[in-house]
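The values are calculated or read from the model by the stated rules, or taken from the named source; none is laboratory data. None of these values were measured; they are calculated from a predicted model. Backbone-built Cβ (ideal geometry, glycine too); neighbour counts: all protein chains shown. Ligands, DNA and RNA are excluded from the accessible area calculation, which covers all protein heavy atoms including side chains. Shrake-Rupley method; radii C 1.70, N 1.55, O 1.52, S 1.80 Å.
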Amino acid sequence: MSGQSRRVALATLIGTTVEWYDFFIYGTSAALVLNKLFFPEFSPTAGTLLAFATFATGWLARPIGGVLAGHFGDRLSRKTMLVVTVIVMGVATMLIGLLPTYASIGVAAPALLVTLRVVQGLAVGGEYGGAVVMAVEHARDGRRGLAASWPQMGVTAGLVLGTAVFYAFFTGMSEDAFQSWGWRVPFLLSFVLVLVGLVIRMRIVESPAFRDAKQAHTVVRMPLAEVLRRHPGRVVLLIAAHIAPNTYFYTFATFILTYATTTLGYSTSTVLVAVSVAALIETGTLPAFAHLSDRLGRRPVYIGGLIFLAVCTFPFFWLIDGGSTPLLFAGIAVCMAVGHSAVYGTQASFFSELFPTSVRYTGLSLGYQVAGALFGGPLPIIATALVTSGDGRPWYFAGYMVLTAVISAVAVYLAPETSRLRFTDPQRVADAAPSR
């Protein structure tokens, strides 16, 4: 890996960690505190559903952010959009930490909360595609999977950092103090992280593939129109392939906080630590599976991870339903560090290789963020509804999870294998991929 490639890898890792720290602390706070502070007039269940609904609004904004950032990233500059998105995310997150609650300003409080959540969604929707594309386009052929795992590690690292910070404040002060002001501190700490990410991202150079495309005058005026006209099938396959990773990850990262504490009786601190440990382990396994996809191909590793997740779904719930803390830790860690890691470590390079340089940022962002809006953001609501309809038991939801794994596996099977593509002709590389 060259010096510039290492700088890009570090920039995408740290910048993505910052962005997803901001995004994940909202999910954690939605499960633990926002329902009580911003929706106190409702029952605990209804308040939790409303808090998760605000969580989902950020996801609904993500496709818009992805298309906007993709448009300018494919036309003007990948690097500029990475800088803009980290600033917007940081400002929105800090403002959430300063929001007055329902007790202070009434219904204006949840309205402002939703607005800032939408801004968060716009920012993270634009950031992910840019980080992945920069990592992939700076990598040499045969190493793109490993290079693209750096921003993927930033996602799990953001989860570790956000959960750890919340754990420190949740367990380090009284419940009254946490409800009063302690929950705000993780949001306000975003200011420091944003400065770090901003400084690092300002020091990287533009993508070589994008520079070549501009010099060859192959940049298109309307990347979204070009994607929808020439690559609609690949966008659909990407969306379907990403259904299961969304479902499983947000089950382990967000929904489990509510289910394990309210239904199974685990302490909040125990679940937070379990999620943090699992995410930390996955941060280490992601590059291993990504590198494996460089050697064996994207599709075999991706489908293998989906099969693992499907097989482990029902045993996962059997393990944690027993109330054993070691089994809770083991269940989350194995599912995330093996099954989800195999899928998530592979998908960044796989998805970006489906599109040519001229529309890569837009195509990747559109498919990835639409899948998130449809299946990631609503996941806690879907899970809560299915568990409730099953009289508090998770089996309907477990069946839903397996179904998503099957759908994603079929989509990946129908997609072309991309690991052997060369980026020496970036405009036509995706079009030259074999179709199925």
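If we keep just the residues of segment 135-147 that are part of a helix (DSSP H, G or I) and within 18 Å of Leu286 (Cα to Cα), which is farthest from the chain's Cα centre (by Cα)?
Initially, segment 135-147 is screened for residues part of a helix (DSSP H, G or I), giving 135-138, 144-147.
Within this subset, residues satisfying the condition of being within 18 Å of Leu286 (Cα to Cα) are 135-136, 144-147.
Working: Ala135: 16, Val136: 18, Arg144: 19, Gly145: 17, Leu146: 18, Ala147: 17 Å.
Once the filter is applied, the top-ranked residue is Arg144.
Limited to segment 154-185, what total is found for residues that are within 30 Å of Ala131 (Cα to Cα) and either more than 25 Å from the chain's Cα centre (by Cα) or open to solvent by less than 20 Å² (accessible area, probe 1.4 Å) (or both)?
Matching residues across segment 154-185 total 9.
Suppose we filter Phe52, Phe72, Phe39 for residues that are among the aromatic types (Phe, Trp, Tyr), more than 30 Å from Lys214 (Cα to Cα) and either open to solvent by less than 10 Å² (accessible area, probe 1.4 Å) or at pLDDT 75 or above (or both); which single one remains?
Phe52
For (1) at positive phi; (2) part of a helix (DSSP H, G or I); (3) not hydrophobic (A, V, I, L, M, F, W, C), each residue gets a yes or a no:
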{"residue": "Thr163", "(1), (2), (3)": "no, yes, yes"}
{"residue": "Thr171", "(1), (2), (3)": "no, yes, yes"}
{"residue": "Phe178", "(1), (2), (3)": "no, yes, no"}
{"residue": "Phe187", "(1), (2), (3)": "no, yes, no"}
{"residue": "Arg201", "(1), (2), (3)": "no, yes, yes"}
{"residue": "Glu206", "(1), (2), (3)": "no, no, yes"}
{"residue": "Ala209", "(1), (2), (3)": "no, yes, no"}
{"residue": "Ala213", "(1), (2), (3)": "no, yes, no"}
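Mind checking which pairs have a first residue in segment 88-107 that is in contact (Cβ under 8 Å) with a residue 24 or more places away in the chain and under 12 Å from Ser190 (Cβ atoms) and a second that is in a helix (DSSP H, G or I) and of a type in the set (Lys, Arg), Cβ under 9 Å, 6 or more apart or different chains?
These pairs meet every condition: Ala92/Arg117; Ile96/Arg117; Ile96/Arg184; Gly97/Arg184; Leu98/Arg184.
Among the candidates Gly284, Gly265, which residue alone is in a helix (DSSP H, G or I) and without any contact (Cβ under 8 Å) to a residue 60 or more places away in the chain? Show your work before the answer.
On the way: Gly265 fails: in a helix (DSSP H, G or I).
The match here is Gly284.
Restricting to segment 321-334, count the residues that are open to solvent by less than 10 Å² (accessible area, probe 1.4 Å) and within 21 Å of the chain's Cα centre (by Cα).
Step one: of segment 321-334, the residues open to solvent by less than 10 Å² (accessible area, probe 1.4 Å) are 328, 331-332.
Of the ones still in play, those that are also within 21 Å of the chain's Cα centre (by Cα) are 331-332.
The qualifying residues number 2.
Of the conditions (1) more than 18 Å from Leu13 (Cβ to Cβ); (2) at pLDDT below 90, Gly90 clears all except one; give me its number.
Result: Gly90 fails condition (1) only.
Exactly one of these conditions fails for Phe210: (1) closer than 19 Å to Phe351 by Cα; (2) at pLDDT 85 or above. Give me its number.
(2)
Which ones in segment 192-225 are open to solvent by less than 30 Å² (accessible area, probe 1.4 Å) and under 26 Å from the mean Cα position of the chain (by Cα)?
Scanning segment 192-225 gives Val194, Gly197, Arg201, Ile204, Ser207, Ala209, Phe210, Pro223.
Taking Ala342, is it under 21 Å from the mean Cα position of the chain (by Cα) and either among the β-branched types (Val, Ile, Thr) or surrounded by fewer than 24 Cβ atoms within 10 Å (Cβ to Cβ) (or both)?
It is false that Ala342 is under 21 Å from the mean Cα position of the chain (by Cα) and either among the β-branched types (Val, Ile, Thr) or surrounded by fewer than 24 Cβ atoms within 10 Å (Cβ to Cβ) (or both).
Yes or no: segment 307-315 includes at least one residue that is touching a Ser or Thr at 6+ places or on another chain (Cβ under 8 Å), surrounded by 19 or more Cβ atoms within 10 Å (Cβ to Cβ) and touching a residue at least 60 places away in the same chain (Cβ under 8 Å).
There is no residue in segment 307-315 that is touching a Ser or Thr at 6+ places or on another chain (Cβ under 8 Å), surrounded by 19 or more Cβ atoms within 10 Å (Cβ to Cβ) and touching a residue at least 60 places away in the same chain (Cβ under 8 Å).
So for segment 419-436 (the condition being over 30 Å from Ala260 (Cβ atoms) and either touching a Phe, Trp or Tyr at 6+ places or on another chain (Cβ under 7 Å) or at pLDDT 90 or above (or both)), does at least one residue qualify? First the steps, then the outcome.
At the first step, the residues of segment 419-436 found to be over 30 Å from Ala260 (Cβ atoms) are 419-436.
Narrowing further to those that are either touching a Phe, Trp or Tyr at 6+ places or on another chain (Cβ under 7 Å) or at pLDDT 90 or above (or both): 429-430.
Yes: segment 419-436 contains one or more residues that are over 30 Å from Ala260 (Cβ atoms) and either touching a Phe, Trp or Tyr at 6+ places or on another chain (Cβ under 7 Å) or at pLDDT 90 or above (or both).
Only one of (1) open to solvent by less than 50 Å² (accessible area, probe 1.4 Å); (2) in contact (Cβ under 8 Å) with a residue 60 or more places away in the chain fails for Ala274. Which number is that?
Condition not satisfied by Ala274: (2).
Collect the residues in segment 86-118 that are assigned to a helix (DSSP H, G or I) and of a type in the set (Val, Ile, Thr), keeping them in residue-number order.
Within segment 86-118, Val86, Ile87, Val88, Val91, Thr93, Ile96, Ile105, Val114, Thr115, Val118 meet the criteria.
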